[in-house]
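> Pasting a structure below so you can have a look.
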Amino acid sequence: MSAELIRRSAADLATALAAGEVSSVEVTQAHLDRIAAVEPAVHAFLHVSGESALATARDVDARRAAGETLHALAGVPIAVKDVVVTEGVPTTAGSRILEGWVPPYDATLVRRLKAARLPVLGKTNMDEFAMGSSTEHSAYGDTHNPWDLDRIPGGSGGGSAAAVAAFEAPLAIGTDTGGSIRQPAAVTGTVGSKPTYGSVSRYGLIALASSLDQAGPCTRTVLDAALLHELIGGHDPLDSTSIAEPLPDLVGAARQGLSGDLSGVRVGVVRELQGEGYQPGVLARFEESLEVLRGLGAEVVEVSCPHFGYALEAYYLILPAEASSNLAKFDGMRFGLRVEPEDGPVTAERVMAATRGRGFGDEVKRRIILGTYALSAGYYDAYYGSAQKVRTLIQRDFAAAFERADVLVSPTAPTTAFRLGEKLDDPLAMYLNDVATIPVNLAGVPGLSLPAGLSDDGLPVGFQVIAPAKADDRLYRVGAALETALESRWGGPILAQAPRLEENR
């Protein structure tokens, strides 16, 4: 029973719970048992909240038995990336500088999860302060890809993607600053959605780059992503960047896509997001997916976004600059780690230096130094200011492309999952993993990654769908249609082809 429960989609579990076929306690316990069995190998979680999750599950079962009307996802367990603050539960952002910190409040999206009564299984591993593409920069150890435990699960949200791919959770929350939901989804054979900037509250997210960060769903199906997106999205007065408009009908769009009809939909293939640097197997699966879209009635056209070639460079000036500013608050004075100098006077400056020197990892220090330099007098206009101008050009590229197409598509990542340690000493090679996802964050538009099949190395490939701002429903319609057609070809979900993890019995 447990083995069957953990492999069901969130939508299927919600239907079974509503029909009384299974209890939330059974579903939650099945996932907690799975976590206990495979975590030594996967290391997707930094903290497991078993008792709290079961208490929520018991409450859901009691309310349902009493005839109370509940949210569609009530009783379906979820995992939350450790960059999202959770009242009474440790939140570290993958960093030693926040080791042991227990927030006194919940992020808005966590409050919405709790109000809908989803049992929160725990907090997932991540690159420190969301800086990375492999989850190798966590201060608490690497997360491993369930497809091959010697390979990376993507980053920075590799923990959330790995938890979903390893059947430790049917749903998870990630955050996406330059691809940190979509790229892990691509390399783990899962679905990841980065919503329109401002459509999901950032209140309670530990900020990396405030103009880029966006929380979103990590799931195993496009419909599940739409269900979770609708739950956590919508206006929040606590977030000054929150869009004061209702979300479009995301779940309705996903269900429409399940019909498999994309007649009248124009799909734009971004010329600049393919070719040199992309693995042949990745491009092969991408081309096959385009043929599937044509077969569903979509019109496929090529579009050019010429300034995308400068997106990576612009991003790695804007992000470090904003990170340098946001991380200044971690000073050893107010909360988190405090390290006093071993000799000499204990001054504020020396405490800050000692705390930040010990508390931050190498990648965080690298980006703080780069960002501080980019913002310094004499260099601001040359670097940060120029990068923002490029950002405007990229936004204009998107606007022009969306005049010719309803959605844009590309491979999500140029390669499949690489081996742990393979790119750790080459930051530039690591940064190139986000070349196809970064433009979406710079423009604030939504993007979704879903599995496109397996490359020649037997590892998952991601297919990215991009829509105009506030048109997230288009992602789910096109994504669900493609997913349904591909799974029909494969004879089932892509994760059914993943190697079985040996359980720690």
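> Give the long-range amide H neighbours of Ala452: residues separated by 5 or more places, or on another chain, with amide H under 5 Å away, using H modelled in the peptide plane at 1.01 Å from N.
It is Val461, Gly462, Phe463, by chain and number.
> For a quick protection proxy, order the peptides 68-78, 197-207 by their average other-Cβ count within 10 Å, most packed first.
Working: 68-78: 21.7, 197-207: 24.0.
My ranking of the peptides, most packed first, is 197-207, 68-78.
> Would you work out if the range 238-392 is rounded, prolate or oblate? Take a ≥ b ≥ c from the square roots of the eigenvalues of the alpha-carbon gyration tensor; rounded if a/c is under 1.5, else prolate when a/b is larger than b/c, oblate otherwise.
prolate
> Got a sec to turn the phi values of the range 34-51 into Karplus ³J(HN,Hα) couplings, 6.51 cos²θ - 1.76 cosθ + 1.60 with θ = phi - 60°, whole Hz, x for Gly and Pro?
Ordered by residue, 3J(HN,Hα) equals 5, 4, 4, 6, 10, 4, x, 8, 8, 6, 7, 10, 9, 8, 10, 9, x, 5 Hz.
> About the Cα centre of the chain, what is the dipole size in debye to 20, counting +1 per Lys and Arg Cβ and -1 per Asp and Glu Cβ, all else neutral?
700
> I would also like to ask the following. Per the Cauchy relation, a quarter of the hull surface: what is the mean projected area of the convex hull of the alpha carbons in the range 1-55, in nm²? Show your work: numbers first, answer last.
Numbers: hull surface 16.2 nm².
Dividing the Cα hull surface by four gives the mean projection, 4.0 nm².
> A further question on this structure: Using just the C-alpha positions of the range 344-417 as equal point scatterers, what log10 of I(q)/I(0) does the Debye formula give at each q in 0.18, 0.22 1/Å?
Cα-only, vacuum Debye calculation for the range 344-417: -0.94, -1.01.
> Still on this structure, I have one more. Could you give each residue of the range 105-114 its phi-based ³J(HN,Hα) in whole Hz, using Karplus coefficients 6.51, -1.76, 1.60 with θ = phi - 60°, and x for Gly or Pro?
With coefficients 6.51, -1.76 and 1.60, one gets 8, 9, 4, 4, 5, 5, 4, 5, 4, 5 Hz.
> Then there's this: Which whole-Hz couplings ³J(HN,Hα) result when phi for each residue of the range 11-26 is put into the Karplus expression 6.51 cos²θ - 1.76 cosθ + 1.60, θ = phi - 60°, listed in order with x for Gly and Pro?
Coupling constants for the range 11-26: 5, 5, 4, 4, 5, 5, 5, 5, 7, x, 6, 8, 9, 5, 4, 5 Hz.
> Would you mind computing, in nm to one decimal, how far apart the modelled labels at Glu349 and Gln497 are, each placed 7 Å from Cα along Cα→Cβ?
Reported label-point gap for Glu349 and Gln497 is 6.0 nm.
> For the range 347-505, what does the alpha-carbon gyration tensor say about shape, rounded, prolate or oblate, given a ≥ b ≥ c as the root eigenvalues, a/c under 1.5 as rounded, and a/b over b/c as prolate? Could the numbers behind the result be given before it?
Working: a/c = 2.73, a/b = 1.34, b/c = 2.03.
Oblate, because a/c is 1.5 or more while a/b does not exceed b/c.
> For Lys329, tell me the accessible area in Å² from a 1.4 Å probe, rounded to the nearest 10.
Lys329 exposes around 80 Å² with every protein chain in place.
> Another question, if that's okay. Please list, ordered by chain and number, the residues whose modelled amide H lies under 5 Å from the amide H of Tyr105; skip anything fewer than 5 residues away on the same chain.
Glu87, Gly88
> Given +1 on the Cβ of Lys and Arg, -1 on the Cβ of Asp and Glu, and no further charges, what dipole in debye does the range 18-148 carry about its Cα centre, rounded to the nearest 20? List each step's numbers first, then the result.
Numbers: 11 positive and 17 negative charges, 102 e Å.
Here the size comes out at about 500 debye.
> Under the rule of at least 5 residues apart or a separate chain, name every residue whose amide H is placed under 5 Å from the amide H of Ser376.
Under 5 Å from the amide H of Ser376: no residue qualifies.
> Can you tell which of Thr92, Leu227, Ala163 lies farthest toward the positive end of the dipole of the chain, using +1 and -1 charges on the Cβ of basic and acidic side chains (Lys, Arg; Asp, Glu)?
Positive-end residue among those listed: Leu227.
> Using a simple spin-label model with points 7 Å from Cα along the Cα→Cβ vector, what separation in nm is obtained for Glu276 and Glu288?
Result: 2.8 nm between the two label points.
> Take the range 49-204, drop everything but the C-alpha atoms, weight them equally and run the Debye formula without solvent; then report log10 I(q)/I(0) at 0.09, 0.17, 0.20, 0.21 Å⁻¹ to two decimals.
-0.28, -0.96, -1.26, -1.35
> Let me ask something else. Report the charge-dipole magnitude of the range 80-191 in Debye, nearest 20, computed about the Cα centre from +1 at each Lys and Arg Cβ and -1 at each Asp and Glu Cβ.
Here the size comes out at about 500 debye.
The values are calculated or read from the model by the stated rules, or taken from the named source; none is laboratory data. Note that the structure is predicted; figures quoted are calculated from it, not measured. Glycine also receives a Cβ, built like all others from the backbone with ideal geometry; neighbour counts cover every protein chain displayed. Accessible surface is based on the protein model in full, side chains and every heavy atom, while ligands, DNA and RNA are left aside. Shrake-Rupley method; radii C 1.70, N 1.55, O 1.52, S 1.80 Å.
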